[in-house]
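Asks: After the C-alpha cells below, expect a handful of questions from me.
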C-alpha cells in the first residue's frame with residue numbers, strides 16, 4: 001500500500017520536499033518503514049552546505065527520522081559529525097547531535113576526527129558564525145566536551161579551539177574549556193598518586 005504512494009509522491013515533488021512532507025506526518029506512517037539504501041548526501045548538499053533553506057529548523061527532525069529508519073550517516077560525506085554540527089548550528093538546536101550520540105554511541109569515538117583543514121567538530125563550534133548566539137555556542141562547547149572532544153587538538157593552522165574562541169572574545173566558552181582541562185588534570189594527578197601508592201605497597 002505504502003510503496004505506490006511513496007513512488008507517486010517522489011514522482012511529483014522534489015526528493016527532499018517529499019521527505020519533509022512525510023516527516024511532518026510520520027505518526028501516520030507504518031512503524032516498520034525502512035530506508036536502508038537512502039543516501040543523505042544530496043540532502044546535506046542542498047540544505048546544509050548551501051544553507052539557504054528558510055525552514056532550517058525542520059531539517060534536523062527530518063535527518064533524525066531518516067537515520068532512525070536506517071539511512072546511513074556515512075553517506076553524508078567524509079566528515080559526517082562536522083556536517084551534523086553545522087546543521088545544528090544553522091537550525092539553532094543541538095538535539096539531533098545529542099540524539100545521535102545516544103542512538104549510535106560508537107560515533108563518540110569519532111568526535112575528534114579532523115577534516116581537510118585539520119579542524120575537529122569543536123573547532124567548527126568555536127568558529128564564529130552569523131546568528132550563533134553566545135549562550136548556544138557555549139552550550140554546544142559543553143556538549144562536545146561531555147562527549148569526549150579534546151580541546152588541546154590543533155587545526156591545520158596550529159590553533160586550538162580556545163585560540164579560535166579568543167578571536168571572537170567568546171570568554172564563557174573559553175571558561176568551559178579551561179574548567180574541563182583543570183578537571184582532567186586533577187583526575188590525572190589523583191590517578192598518578194593512586195598508582196604510585198599502590199607500587200610502594
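Readers should treat all values here as calculations from the given coordinates under stated rules, not as data from a laboratory. All figures in this text were calculated on a predicted structure; none of them were measured in a lab. Cβ sites come from the backbone with ideal geometry, for glycine too, and all protein chains shown count toward neighbours.
Asks: If we count other beta carbons within 10 Å of each Cβ, what is the order of 164, 63, 35, fewest first?
Replies: So the ranking, lowest neighbour count to highest, is 35, 164, 63.
Asks: Which of rounded, prolate or oblate describes segment 117-163 when judged by the alpha-carbon gyration tensor and an a/c cut-off of 1.5?
Replies: Values: a/c = 2.39, a/b = 1.29, b/c = 1.86.
It is oblate, given that a/c is not under 1.5 and a/b is not larger than b/c.
Asks: Among 47, 103, 79, rank each residue by its count of other Cβ atoms within 10 Å, from fewest to most, as a rough exposure measure. Can you show the working numbers first?
Replies: On the way: 47 22, 103 13, 79 19.
Ranking 47, 103, 79 by Cβ neighbours within 10 Å, fewest first, gives 103, 79, 47.
Asks: Follow-up question, since we're still on this one. Quick one: plug the Kirkwood hydrodynamic radius of segment 74-136 (C-alpha pairs) into Stokes-Einstein at 4 °C, 1.567 mPa s, and report D in µm²/s. Walk me through the intermediate numbers first.
Replies: Values: Rh = 12.2 Å.
The calculation lands on 106 µm²/s.
Asks: Which peptide among 91-101, 110-120 comes first, and what is the full order, when sorted by highest mean count of other Cβ atoms within 10 Å?
Replies: 91-101, 110-120
Asks: Return 84, 40, 133 ranked ascending by Cβ neighbour count within 10 Å, so the fewest neighbours appear first.
Replies: On the way: 84 25, 40 22, 133 10.
Ordered by Cβ neighbours within 10 Å, fewest first: 133, 40, 84.
Asks: Another question, if that's okay. Mind jotting down the three principal axis lengths of segment 46-178 based on Cα atoms? Whole angstrom, largest first.
Replies: Principal axes ranked by extent give 39, 31, 24 Å for the Cα atoms.
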